[in-house]
């Protein structure tokens with residue numbers, strides 16, 4: 001397709017800044033490689049074959065996915081080394097899907113209980129199935145405490161599953177601006193503890209995998225082998241608030257049209273069905289407008305999306321509000337859930353549309 | 001397809017209780033008709049052709065949609081009387097889409113500013129285009145105050161738009177359990193005020209349209225002609241909290257598999273990419289588990305989804321937590337954003353799967 005100006009894009013739309021996306025991918029790739037670690041980016045953020053190809057070209061060791069259906073989309077496109085970083089419980093028809101994936105690509109899945117491992121083993125029907133033990137490093141969401149890694153590994157071994165190693169997600173890195181540094185240390189400590197115990201119990205531990213965008217830059221003990229950040233390709237308002245990126249690294253915005261301007265505020269056509277409703281407790285509002293008329297010049301601001309309903313974003317605090325019909329761009333709070341709401345990316349360079357990429361794994365959350 | 005038990009459905013899944021859905025549609029239809037009002041249900045809730053057909057069969061006067069792309073989906077399926085209850089600003093390529101819809105179906109669109117009306121008129125290119133003026137009845141989101149209805153109508157008339165009437169959405173009905181009654185009164189008062197002024201200024205006012213599920217049962221002055229509820233087909237945790245429905249009317253749940261059971265809680269595979277993150281300030285948590293092992297019997301409870309990440313729902317408060325691999329059903333906070341995350345409904349009768357319906361307008365939010 002030809003080059004078009006952003007003003008002609010139908011809104012709400014998912015707009016990628018290609019130069020920034022490339023810089024984010026290259027930057028993370030270099031920084032992780034320079035520290036001697038493997039990079040297995042989490043593609044649940046972008047769900048996009050074109051972006052995964054860029055990550056592979058930049059040296060990704062494989063991809064991380066959240067679900068079997070994401071694995072299926074990327075496997076079908078030739079990505080043949082996949083890790084489902086989730087305690088997969090492939091009961092019912094999911095068992096057949098797991099088998100097909102095991103037959104097709106190098107697949108590993110997370111486990112965090114003997115009961116879950118038993119479902120994986122039953123589904124595999126004797127195929128060699130790689131599992132990675134999920135360790136809780138302080139988020140207390142899923143995963144076993146490090147001392148329990150050995151009994152979980154033994155349960156897996158008894159089920160003839162191939163224990164590849166351990167992984168954790170220090171999701172408490174998202175608890176606030178001061179959280180990432182401590183969460184990174186927690187990830188390293190929990191993984192090292194679990195690894196030490198497994199080695200002492202006679203297990204070979206090939207993979208020691210940490211990951212979240214806010215913790216990836218943090219301190220890593222020598223035991224860690226792999227990083228699994230996801231959001232870094234685009235970043236978002238949450239990553240900005242956590243100090244995990246700078247403004248000029250934000251590579252994704254939602255383009256929206258101003259539809260109403262009463263009562264000293266303005267309303268755009270991007271609400272919770274475009275910006276999602278994710279909002280960490282430490283962050284006010286649902287997005288930052290980056291290019292209303294008032295957003296250039298010192299002391300000026302485009303405003304904040306202070307509330308959303310399904311098709312409305314209410315913007316306050318713009319120093320020079322735009323008019324009905326103007327198109328503005330919004331940095332959303334949490335890019336992963338936003339991407340999942342759209343069918344395609346509008347890819348831009350220097351403010352012009354240069355391509356469209358499908359969100360290939362959109363809704364593949366099963 | 002054959003009848004299957006819910007336990008074999010791949011999760012997360014959108015599960016409809018067909019008997020309850022039918023009862024909700026019949027009940028609303030009867031209650032609105034008995035009060036002498038037209039029912040124009042908002043299909044942004046279900047985005048589903050099969051359900052819209054049931055509503056039409058039960059006597060719906062037409063459908064309400066939120067976007068031109070929703071209008072396109074329903075128009076293509078033969079629904080020929082559509083109202084876009086939104087201040088539509090059809091700039092750029094949306095203008096061509098509006099024209100095609102005007103040529104094809106009986107379409108009306110909302111307007112809340114002369115600037116927006118001018119974009120509608122430009123897009124229509126001389127076609128007779130019906131507009132309905134949005135009146136602010138207290139939500140203060142979009143819409144003009146009743147005294148400003150006349151100048152807006154005059155601006156529309158000067159643009160040769162056909163002013164059909166006025167509409168409002170008393171969205172402040174969602175402010176808390178005490179809000180719906182007062183919001184219903186506000187809707188009626190604002191609409192009556194606007195109508196009176198328009199009639200006095202010589203405008204014919206055919207449509208006086210109020211609407212939201214929590215206010216539909218409320219007091220209506222004689223001026224009101226039409227109701228536009230949406231969520232009533234399914235209801236949800238929010239409607240329960242507002243007193244807008246009873247538990248036995250909840251017709252949609254998200255089926256989820258228990259994937260982890262550590263630390264006295266359990267974790268299901270439905271997180272923010274299945275339950276969405278919508279949460280009104282007056283409601284704790286993101287869902288109610290309705291059939292964990294502990295949910296039957298006096299004093300027992302299935303538990304509450306206390307937090308979500310993308311693929312994790314953390315459940316606490318279950319009196320007898322289920323085991324890894326068990327399938328539970330969750331009543332989500334806000335059904336409209338949940339439905340938009342799924343490709344299909346799993347339709348059940350007496351706990352057995354009897355059909356699958358596509359979410360035909362899923363993601364059609366442009």
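Considering all C-alpha pairs of chain A, those separated by over 38 Å amount to 21%.
Helix B:149-158 axis versus longest C-alpha principal axis of chain B: approximately 60°, rounded to the nearest ten.
In summary, the convex hull built on the alpha carbon positions of the protein assembly as shown has an orientation-averaged projected area of 30.3 nm². Springs between Cα atoms under 10 Å define the GNM used for chain A, and in it the highest mean-square fluctuation of A:256, A:200, A:26 occurs at A:200.
The antiparallel fraction among DSSP beta bridges confined to the protein assembly as shown stands at about 50%.
Comment: the Cα-to-Cβ extended label point of residue A:122, at 7 Å, lies 6.2 nm from its counterparts in the other copies, nearest first.
Dividing the convex hull volume of the alpha carbon atoms of region B:18-234 by its residue count gives 105 Å³ per residue. Across all Cα pairs in region A:191-327, the calculated P(r) in 5 Å bins from zero up to the longest distance comes to 2, 9, 15, 16, 14, 10, 7, 6, 6, 5, 4, 3, 1, 0 percent per bin.
Secondary structure note: in chain A, about 50% of the DSSP beta bridges are antiparallel. Once the Cα atoms are used to define both axes, helix B:114-124 deviates from the longest principal axis of chain B by about 90 degrees. Peptide B:83-94 has a mean shielding of 5, counted as Cβ atoms of other protein chains within 10 Å of each residue's Cβ.
Take residue A:104, move 7 Å from Cα toward the beta carbon, and the resulting point lies 3.4 nm from the same point in each other copy, nearest first.
When each of the peptides A:262-269, A:183-190 is scored by how many other beta carbons lie within 10 Å of its residues on average, the order from highest to lowest is A:183-190, A:262-269.
Taking the longest Cα principal axis of chain A as reference, the axis of helix A:93-104 is set at about 80 degrees. Look at the stretch B:325-335: the mean tally of other chain Cβ atoms within 10 Å of its residues' Cβ atoms is 2. Mean per-residue shielding of peptide A:103-112 is 1, counting Cβ atoms of other chains within 10 Å of each Cβ. Averaging the Cα positions of each part gives two centres, and for region A:23-63 and region B:1-54 these lie 44 Å apart.
Rounded to whole Å, give me the distance from the Cα center of region B:66-130 to that of region A:108-183. Comparing the Cα centres of region B:66-130 and region A:108-183, I get a distance of 52 Å. Distances between copies at residue B:80, taken between label points 7 Å from Cα along the C-beta direction, are 5.6 nm in increasing order. Averaging 1/r across all pairs of distinct Cα atoms in region A:314-366 and inverting the result yields a Kirkwood radius of 13.8 Å.
Considering the rotation that superimposes chain B on chain A, the residue of B whose beta-carbon lies nearest the axis, and that distance in Å, is B:277, 2. Under the simplified labelling scheme, the residue A:301-residue A:106 pair shows an inter-label distance of 4.9 nm, with each label point 7 Å from Cα along Cα→Cβ.
Any read-out appearing in this document is the output of simple, stated calculations on the displayed coordinates, not a laboratory observation. Because the structure is a prediction, the values reported are computed rather than measured. Counting neighbours? That spans all protein chains shown, and the Cβs are built from the backbone with ideal geometry, glycine included.
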